[in-house]
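The structure appears right after this line, and notes come after that.
Quick note: the coordinates plus some simple rules give every number you see, no bench work behind them. Remember, predicted model here, so these are calculated numbers, not experimental data. Methodologically, a virtual Cβ is constructed for each residue, glycine included, from the backbone with ideal geometry; neighbour enumeration extends over all protein chains shown.
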């Protein structure tokens, strides 16, 4: 799995000649067990593609990462991902590799960039 991740990292690059109105980029959001960047875990990733200045509805990504321990009831009320869905999610390594495959070389866009980026990185490494 680490080899597959490393291949993606080596292949990822940016084409500086592409403008935003003609580029493909991915808007991402994550759901977590809480807001603590050190203690909490990644529960789910959702993403959609923007290409040529338009949201491409046919290209979206949503995945729940399998959790050994279900998040708190209060947390479930916030993100809406119940205990059963968390226990039956995709193995985290596989879920993250699927996300990288979906992402390809596209840059990511997020509202809470630092939080989302940190949670994804912590889950990957």
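If I fit a long axis through the Cα atoms of helix 92-103 and take the longest principal axis of the Cα atoms of the chain, what angle between them do I get, 0 to 90°, rounded to 10?
Tilt relative to the chain: about 20 degrees.
Less than 16 Å from a label point 7 Å out along the Cα-to-Cβ axis of residue 110: which backbone N atoms in the range 52-93 qualify, by residue?
Once the point is set 7 Å along Cα→Cβ of residue 110, 61-65 turn out to lie under 16 Å by backbone N, inside the range 52-93.
Highest mean first, how do 61-72, 40-51 rank when packing is the count of other Cβ atoms within 10 Å averaged over residues?
Ranking, from highest mean packing down: 40-51, 61-72.
Could you work out the per residue convex hull volume over the alpha carbons of the chain, in cubic angstrom? Provide the component values of the computation, followed by the final result.
Working: hull volume 14.1 nm³, N = 125.
Here the figure is 113 Å³ per residue.
With only alpha-carbon atoms in the gyration tensor, what are the semi-axes of the equivalent ellipsoid for the range 18-68, in Å, largest first? Mind showing how you got there, number by number?
Numbers: eigenvalues 163, 31, 8 Å².
The three semi-axes for the range 18-68 are 29, 13, 6 Å.
How far is it, in nm, from the label point at residue 66 to the one at residue 87 when both lie 7 Å from their Cα along the line to the Cβ?
Label-label distance for residue 66 and residue 87, simple model: 1.3 nm.
What do you get for the angle between helix 113-124 and the principal long axis of the chain? Use alpha-carbon atoms, 0 to 90 degrees, nearest ten.
Taking Cα atoms only, the helix is inclined about 70 degrees.
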